Amino acid sequence: ATILPPLSDNCKLASLTVGNADISPAFSPDVTSYSASVPFTTSKLELSADAEHPGAKVTVKNPTLTPGDTTTVSVTVKAENGDTKTYSIKVKRAQDPNYVPSANGDLMDLVVDGAQLSPAFAPDVTAYYVWLPYETEEVSISAFAADEKAKLEIGETTGLKPGMGNEIAVTVTAENGSRKVYTVTAVRAPAHEDTESFLAGDRPVEEPAPTV
């Protein structure tokens, strides 16, 4: 009978070189995380990697670099016995010098959990009301920006005061820094008011001033 040697568990790289960028820190088989910066004209890394053990397999995931963002390039080494080690390079690519940041500060949806917005949501409408029973002291608001690069900030949604409207701001900051504010006024019923009649709309309404 022939006794074969055990399968190697060596899943290290012997070398990792990038022809069109400088990685930091300098390559070492025991270091798995690296970073690099490239100009806008560089859309992909010129990458070469070799395993320490001849029986190990090297797989490179080298996606196109996103302008103005950080992209992770990965090199995975699989040893003979199945063990793996992944080396990653976080690459920051410069933005296109002709790029114009988006001014889109719209929401594509706005939801108050367990309540119905009035009026129904529309991106161009920025003021809404929800009617809540006295027992509701806080609400959960979910907002979704139309532009994935926009940033969202939702105001305080707890400690709602009874018998009055509690204004909650939903601020959308567009990629270019401009801001658009949506408001949700959460009207919580007063302690002495019947909850069912309040939700049904049986509440005082100010009469409009006569038109002259």
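Accessible area of region 34-80 with a 1.4 Å probe: how many percent of it is carbon plus sulfur? Can you show the working numbers first?
Details: 1160 of 2550 Å².
Accessible surface attributable to carbon and sulfur in region 34-80 totals 45 percent.
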Over 20 Å, how big is the tail of the calculated P(r) for region 1-59, in percent of all Cα pairs?
-> 41
What is the magnitude of the charge dipole of the chain about its Cα centre, with +1 placed on the Cβ of each Lys and Arg, -1 on the Cβ of each Asp and Glu, and no other charges, expressed in debye to the nearest 20?
-> 1220
Most packed first (mean Cβ within 10 Å per residue), the peptides 75-81, 173-179 order as 75-81, 173-179
Rounded to whole Hz and in sequence order, give me ³J(HN,Hα) for region 151-160 from the Karplus expression 6.51 cos²θ - 1.76 cosθ + 1.60, θ = phi - 60°, writing x for Gly and Pro.
-> 10, 10, 9, 10, x, 5, 10, 10, x, 5
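Cα convex hull of the chain: mean projected area in nm², to one decimal?
Details: hull surface 90.1 nm².
Mean projected area of the Cα convex hull: 22.5 nm².
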Considering only Pro67, Met108, Pro6, whose Cα is most displaced toward the positive end of the charge dipole of region 1-115, charges sitting on Cβ of Lys, Arg (+1) and Asp, Glu (-1)?
-> Pro6
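For the chain, give me the percentage of DSSP beta bridges that are antiparallel, rounded to the nearest 5 percent.
Details: 40 of 52 bridges.
So the antiparallel bridges amount to about 75 percent of the total.
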Long-range lysine pairs (8 or more apart or interchain), region 57-119, Cα under 18 Å | 6
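Using a Förster distance of 25 Å, how high is the FRET efficiency between Phe144 and Tyr99, based on the Cβ-Cβ distance and rounded to 0.05? Walk me through the numbers on the way to the answer.
Details: r = 24 Å, r/R0 = 0.97.
About 0.55, to the nearest 0.05.
Divide by every residue of the chain the summed helix terms, -39500 (n - 2.57) for each DSSP H run of at least 4, and state the resulting mean residue ellipticity at 222 nm, rounded to the nearest 500 deg cm²/dmol. Walk me through the intermediate numbers first.
Details: 1 runs with 6 residues, N = 212.
One gets -500 deg cm²/dmol as the mean residue ellipticity at 222 nm.
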What list of whole percents do you get for P(r) of region 15-107, with Cα-Cα distances grouped in 10 Å bins up to the one holding the largest distance?
-> 15, 42, 24, 12, 6, 1
If the viscosity is 1.002 mPa s and the temperature 20 °C, what Stokes-Einstein diffusion coefficient in µm²/s follows for region 25-64 when Rh is the Kirkwood radius over Cα pairs?
-> 170
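The values are calculated or read from the model by the stated rules, or taken from the named source; none is laboratory data. All of these numbers come straight from a predicted model, not from anything done at the bench. Methodologically, a virtual Cβ is constructed for each residue, glycine included, from the backbone with ideal geometry; neighbour enumeration extends over all protein chains shown. Ligands, DNA and RNA are stripped out before the accessible areas are found, and what is left, the full protein with its side chains, is counted by its heavy atoms. Shrake-Rupley method; radii C 1.70, N 1.55, O 1.52, S 1.80 Å.
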